[in-house]
1. Quick check on the stretch A:157-165. Is at least one of its residues more than 19 Å from A:Gly279 (Cβ to Cβ), of a type in the set (Asp, Glu), in a helix (DSSP H, G or I) and within 14 Å of chain B (Cβ to nearest Cβ)?
2. Among the residues in the stretch B:44-65, are any free of Cβ contacts under 8 Å to residues at least 60 places away in the same chain, surrounded by 13 or more Cβ atoms within 10 Å (Cβ to Cβ) and part of a loop (DSSP other than H, G, I, E, B)?
3. Would you say B:Ala38 is more than 14 Å from chain A (Cβ to nearest Cβ), of a type in the set (A, V, I, L, M, F, W, C) and within 27 Å of A:Ala127 (Cβ to Cβ)?
4. Within the stretch A:173-199, which residues are within 10 Å of another protein chain (Cβ to nearest Cβ) and assigned to a helix (DSSP H, G or I)?
5. Quickly run through the stretch A:166-186 and pick out the residues that are within 12 Å of A:Ser132 (Cβ to Cβ), touching a residue at least 60 places away in the same chain (Cβ under 8 Å) and in contact with a helix residue (DSSP H, G or I) (Cβ under 7 Å, 6 or more places away or on another chain).
6. Looking at this structure, is A:Asp360 of a type outside the set (Lys, Arg) and closer than 20 Å to A:Pro262 by Cα?
7. Can you pull out every residue in the stretch A:377-406 that is closer than 18 Å to A:Leu337 by Cα and either under 26 Å from the mean Cα position of the chain (by Cα) or assigned to a helix (DSSP H, G or I) (or both)?
8. Among (1) away from chain A (no Cβ under 14 Å); (2) modelled with pLDDT of 95 or more; (3) in a loop (DSSP other than H, G, I, E, B), which single condition is B:Phe71 missing?
Amino acid sequence: MVRSKCGRLWNINLTPERCLEQLVREDRGRLMAALVSRLRDMQRAEDALQEAMASALVHWGRNGLPASPKAWLLQVAWRKALDRIRRGGTEQRGLADLLIRADEVQDAGEDIPDHRLRLIFTCCHPALEAKSRVALTLRTVCGLTTGQIAQVFLDAEPTMGQRLSRAKAKIAGAGIAYQVPGPEAWGERLHSVLTVVYLIFTAGYTAGPVDGRNLCEEAIFLVRLVNGLRPDEAEIEGALALLLITHSRRAARVDELGITVPLARQNRRRWDLRMLSEGRGWLDKAIARRASGPFQIKAAIASLASVESGPTDWPQIAGLYQGLLRWEPTPVVRLNLAVAMAEAGDLDRALDLLHLIGPDMQDYQPFHAAVADLLARSGQGQAAREAYDRAIAMATHSGDARFLIERRAALPD
Amino acid sequence: MKYMLLIYSDPTREPAYGTPEFQAMMGGYFAFNEKLKADDVAFDGEALKGIDTATSLRINGGKVETMDGPFAETREHLGGYYILDLPDLDTALRYAAMIPSAAYGTIEVRPLMNYNPAG
């Protein structure tokens, strides 16, 4: 995704509406971060920015664009926030604090310090519900509207609005600090941030583009942003590698009929080789730092699975899943390990492992799809048919369902 | 901001009185209190007697009803609390993780209501 900086040239040929639209799309996160860092309240920052944008349409239409629209918006939002606080009247001491801080930031000019890392860590705080972390990050950092986020989760807009309000109220009420965590909590909090980014990425695959916003690209934007603001971190580079490698196969994931194509049968010519090699470059960098972590392991698996020619190294992939279990001893990782073991030729042990995790996985569609495939390979046609039926009934993506229906039909009688 | 750290624990999971594990737990509480003093954290806290000493009360239709024990039938019971004056939730969570009972139950971290925003 291209996110051009709003430069000085733009006032020549942009209308105020277009200019504001572009600014909001590209710099909303940065403006929000700057406002929250001064106001210490996400809702107040959001309201102030909203007011400033309404005011911009009026003023810019009448007087033309200011020299630095971004700085203009920040100044006006700031003043709007102060006005509101004054009208509120009850927070005298808070107001005094704010005014003191206002003096410090006056004449910041065009040079708005980038506080987005703090904003991201706040939105992804483990004291918030996982779904709220994803929603809040999309709203405040990526600038999606409440309606767009509701669409992603298949929620009603008012329900999503309430969720966002609750999350912002919890941040203010519980005293969640607006800061990048120190070394004692860094690893755990970073993992929470990267998990949110990854959830946004996977939501992009199931939800598809929403109003022209592609969540996979938003996730890549986010992890690039985090990587830029905190370079030289192996896990951040690992997460960036994972997203790029996975996304490089996007055009080959479904065929012309919209049916999901498994990796082994994907048309390599439809892969984005530049993105794939960029992803591998980040993975190499990360591994060289000798600080292993789950995102690097997943990226290494994705890289091995994306062989451009020749056989896939399934024994090594199985070994990596085994390593991943140390970080994430979950049934989902065991499921993937079983699939890799089967691909590596160890069908019996793979089926044993599936049997072991079965009780925890009954509600998980990919489990039934994997069971069906492994049973089919071991020649247990009837059991495979039953497993396909379950997997088809539970599929949330129509392309997946159609792929499974084809596989079921191809079973020998 | 002041935070109350409510200590909920499951008596069946906690070490029994008189065992070396119990001694270790009490030592952990002593060390926690010393840590708070060393860090210059303003604090307050008490431990409660067991739930077999609890009496619960409700007013129902204007009538006071009392009951032996706690109302809620949960496995984890409130066993004590700390009130700490700290800058933010992360700091509160860091201290909460040092409370020995966190290994046998749950520490609920709640900010206290501030009735006087100017104070």
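The values are calculated or read from the model by the stated rules, or taken from the named source; none is laboratory data. Quick caveat, the model's predicted, so the values are computed rather than measured. Virtual Cβ from ideal backbone geometry, glycine too; neighbours counted across all protein chains shown.
1. Within the stretch A:157-165, none of the residues are more than 19 Å from A:Gly279 (Cβ to Cβ), of a type in the set (Asp, Glu), in a helix (DSSP H, G or I) and within 14 Å of chain B (Cβ to nearest Cβ).
2. yes
3. So B:Ala38 fits the description; yes.
4. Residues satisfying the conditions are A:Gly173, A:Ala174, A:Glu184, A:Ala185, A:Arg189.
5. Once the filter is applied, which keeps residues that are within 12 Å of A:Ser132 (Cβ to Cβ), touching a residue at least 60 places away in the same chain (Cβ under 8 Å) and in contact with a helix residue (DSSP H, G or I) (Cβ under 7 Å, 6 or more places away or on another chain), the stretch A:166-186 yields A:Lys168, A:Ile171.
6. Criteria not met by A:Asp360.
7. Residue satisfying the conditions is A:Arg377 alone.
8. Unmet for B:Phe71, out of (1) away from chain A (no Cβ under 14 Å); (2) modelled with pLDDT of 95 or more; (3) in a loop (DSSP other than H, G, I, E, B): (2).
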